[in-house]
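Structure first, then comments.
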Amino acid sequence: MKEKLLDLLACPVCGGDILLAYASKYDGKEIIDGVLTCKKCTREYKVVRGVPRFADLGKIEADKAETAANFGWQWTNFTQEDPKYNEQFLGWLQPVTPDFFEGKIVLEGGCGKGRHTKLAAEWGAKEVVGIDLGDGVESAFALTRDLPNAHIVQCDIFKLPLKKAFDYAFSVGVLHHTPDPKKAFLSLASKVVKGGSISAWIYGAENNEWITKYVNPVREGFTSKISQPVLYLTTKLVYRPVNSALKPLAKHLFYNDYMNHIGTFGWREQHNIVFDHLVAPTAYYISRPEFEEWWKEIGADDAEITWHNQNSWCGFGKIT
Ligand SMILES: [Zn+2]
């Protein structure tokens, strides 16, 4: 944790300023281990392995913890670079372009292993804070620690330990995995200053009826409950070979058609589909009218809402 992050932090309970009580380990740039304290209510928060921790996974609701833990596994175990990543990221943020980040204080809601936070820092943000609830923060910290303007915080998106000090907030593919996507969006927006902007990319309800009907029951009843390495290996090693070699046996396998279908995708697609649709215990699909409501509520009546990849909505608006 870089010391200048203190200027952007606020107590998630009372909103008071956060001070550094002490650092037990400091590497010359980062507080690696230490204790933060609220100036107003004197609550203490730890800095562990370079990341300030405002969430205790043992104490938050089961679903949120489960989503965070499942995505944490994904982000810790799949860290390869995708050359098309910048393009994909900008697709979700449309109409935002890299130069938009220059000089802005930026917040990412749900940073995973920090790839977007890193890009925002490289594109010239004055400061960028990536927050996440899960173990992904460990990888995110490792990925961004050398960038002087990047910060990672472990916390709950509904109880952000931040001041209302951000020029721009964005969240891609995260809000729909929280127990209340609109509330999560409003929470992010509450940290953006008047005249600042926000971007959000969410699953659309339109065109995704098949997921709600067929995939959600599988996810809710089965795949979000088994361990991630087991799920991955099950689709890859068991269902596919059995389907090609032992056709008569295949029909007895659990959820055979669906799992086998997933197994036919390439590694990349399989990874995305399996982990995004099946792993999270929570996934909401939001219709355009619902999404429009979100923007109206933050006073961004002129928000640009774009239909993306035939399955999702990108929104960009200015808080007035
Ligand atoms: Zn406090």
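The values are calculated or read from the model by the stated rules, or taken from the named source; none is laboratory data. Keep in mind it's a predicted model, so treat the numbers as computed, not measured. For neighbour counting, all protein chains shown are included, and Cβ atoms are generated from backbone atoms with ideal geometry for every residue, glycine included. Ligands, DNA and RNA are stripped out before the accessible areas are found, and what is left, the full protein with its side chains, is counted by its heavy atoms. Shrake-Rupley method; radii C 1.70, N 1.55, O 1.52, S 1.80 Å.
Measure off, as a whole percent, the carbon and sulfur share of the 1.4 Å-probe accessible area of region 148-201, all protein chains present. Could you put the intermediate results ahead of the total?
Working: 850 of 1460 Å².
Solvent-exposed carbon and sulfur of region 148-201 make up 58 percent of the total.
Under the Karplus relation 6.51 cos²θ - 1.76 cosθ + 1.60, θ = phi - 60°, what is the ordered set of whole-Hz ³J(HN,Hα) values for region 28-36, x standing for Gly and Pro?
x, 10, 10, 7, 8, 10, x, 9, 9
Report ³J(HN,Hα) in whole Hz for each residue of region 13-18, in order, from the Karplus equation J = 6.51 cos²θ - 1.76 cosθ + 1.60 where θ = phi - 60°; Gly and Pro get x.
Per-residue couplings from phi come out as 8, 10, x, x, 5, 10 Hz.
So if each residue of separation counts as 0.36 nm, and I subtract the Cα-Cα distance between Glu122 and Asp301, what length gain in nm does that give?
On the way: separation 179, 0.36 × 179 = 64.44 nm, distance 3.06 nm.
Full extension from Glu122 to Asp301 adds 61.4 nm.
Given a Förster radius of 56 Å and the C-beta distance between Cys41 and Thr97 as r, what FRET efficiency does 1/(1 + (r/R0)^6) yield to the nearest 0.05? Don't skip to the end; give the middle numbers.
Details: r = 41 Å, r/R0 = 0.74.
Calculated value: 0.85.
Around Pro181, with a cut-off of 12 angstrom between Cβ atoms, what is the net charge of the other residues, counting Lys and Arg +1 and Asp and Glu -1? Intermediate results must be reported in sequence, preceding the final value.
Values: positive: Lys182, Lys183; negative: Asp180, Glu290, Glu293.
With Lys, Arg at +1 and Asp, Glu at -1, the net is -1.
5 Å is the cut-off here: which amide hydrogens, built 1.01 Å from N in the peptide plane, fall below it relative to Ile152, excluding neighbours closer than 5 in sequence?
Here Gly130 satisfy the definition.
Check which residues have an amide H placed less than 5 Å from Ala169's amide H, if you skip close sequence neighbours.
Under 5 Å from the amide H of Ala169: Leu107, Ser197, Ile198, Ser199.
Would you mind checking the pairs Lys4/Lys164; Lys118/Lys163; Lys2/Lys194; Lys104/Lys163; Lys2/Lys318; Lys113/Lys163 and listing those with alpha carbons more than 19 angstrom apart? Walk me through the numbers on the way to the answer.
Numbers: Lys4/Lys164 16 Å; Lys118/Lys163 21 Å; Lys2/Lys194 26 Å; Lys104/Lys163 15 Å; Lys2/Lys318 29 Å; Lys113/Lys163 23 Å.
Pairs exceeding 19 Å: Lys118/Lys163; Lys2/Lys194; Lys2/Lys318; Lys113/Lys163.
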